[in-house]
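Here the structure is laid out as structure tokens; the discussion comes afterwards.
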Amino acid sequence: MKKWITLALYAAALLTILIYRHELNALLGDVSLPAGAGLALAFLFAFFPVLPYKLVIGSLGFLYGPLMGALLAWLAVTAASLMQYTLARVFFREQGRAALSKYSGLERIGRMMERRPFPVILAARLVPLLPQALVNLYPAFLNIRPVIYVTASALGKIPAMLVFAFVGQNLFTDVPRTLTVLGLYAGFLLAVYAAYRPFARRLQDSK
């Protein structure tokens with residue numbers, strides 16, 4: 001019964017945030033917004049993904065500067081992903097494992113995560129090819145220790161937080177520098193992906 005109450009409360013809150021998303025997003029354009037309020041809004045948009053989170057990171061970078069903006073975005077999204085992971089693990093783990101077993105591709109990824117959870121989760125955060133909401137929930141259904149999930153997730157989010165917070169502050173004031181940073185970030189993602197592919201292939205072949 002508790003799991004359905006939890007799901008209903010989340011759905012009701014998600015609907016409310018969705019209805020008022022434009023008003024809440026407008027607050028992120030208020031230059032007088034306190035950092036605590038910015039952190040709270042960032043958490044809401046991370047826990048209830050009604051807006052692309054890159055826009056939230058950019059807004060925080062514009063309001064508070066790239067370092068403080070990235071820090072607030074990182075704290076908010078790390079807390080939100082941990083809460084989603086915990087709720088899914090406590091209330092929906094059995095249903096999640098049953099659902100994953102129906103899809104061979106997801107089950108294969110799950111086996112890879114359980115064999116080498118830290119590098120697989122870290123790579124999924126660094127190179128966001130999978131939907132990040134799935135990365136929040138997927139490990140909760142597997143035999144992965146929470147400390148490994150939290151550490152890998154938190155570390156993997158840092159580069160994107162820094163890049164998009166910088167872009168948010170400099171997008172309209174220093175376009176060449178912004179394009180340079182985005183180009184370097186794209187190169188970084190390609191390098192991580194290229195380095196990870198052989199590891200993933202060896203891991204898959206060794207199962």
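Values quoted throughout were computed directly from the atomic coordinates according to the rules given, and no laboratory measurement underlies them. In this text the structure is predicted, and so the values were computed from the model without any measurement. Cβ: placed from backbone, ideal geometry, glycine included. Neighbour counts: every protein chain shown.
Only Cα pairs under 8 Å and 6+ residues apart enter the sum, and on that basis the relative contact order of region 1-121 stands at 21 percent. If R0 equals 30 Å, the separation of the Cβ atoms of Arg177 and Arg116 corresponds to a calculated FRET efficiency of about 0.20.
Here is what passes the span test in the chain: the DSSP H helices with alpha carbon length of 20 Å or more along the helix axis and a Kyte-Doolittle mean of 1.0 or above are 2-19, 66-91, 146-170. Normalised by the number of residues in the chain, the mean separation of alpha-carbon contacts (under 8 Å, six or more apart) gives a relative contact order of 24 percent. Charged neighbours of Gln95, selected by a Cβ distance under 12 Å, balance to +4 (K, R count +1; D, E count -1). Charges on Cβ only, +1 for Lys and Arg, -1 for Asp and Glu, centred on the Cα centroid of the chain; of Ile144, Ile19, Ala76, which one is farthest towards the dipole's positive end? Going by the charge dipole, the pick is Ile144.
About its Cα centre, the chain has a charge dipole of approximately 1000 debye under the convention of +1 per Lys or Arg Cβ and -1 per Asp or Glu Cβ, with nothing else charged.
Taken over region 59-167, the convex hull of the Cα atoms encloses 89 Å³ per residue.
For the chain, the Kirkwood estimate of hydrodynamic radius, built from reciprocal distances between every pair of different alpha carbons, is 18.2 Å. Pull up the cross-link candidates among the aspartates and glutamates for Lys3, meaning alpha carbon to alpha carbon under 19 Å and not fewer than 8 places away within one chain. Answer for Lys3, where 19 Å is the Cα cut-off: Glu94, listed by chain and number.
When peptides 62-68, 187-193, 9-15, 72-78 are sorted by average Cβ neighbour count within 10 Å, with the highest value leading, the order is 72-78, 62-68, 187-193, 9-15.
With N as its number of residues, region 103-181 has a Cα radius of gyration that, divided by 2.2 N^0.38 Å, comes to 1.35.
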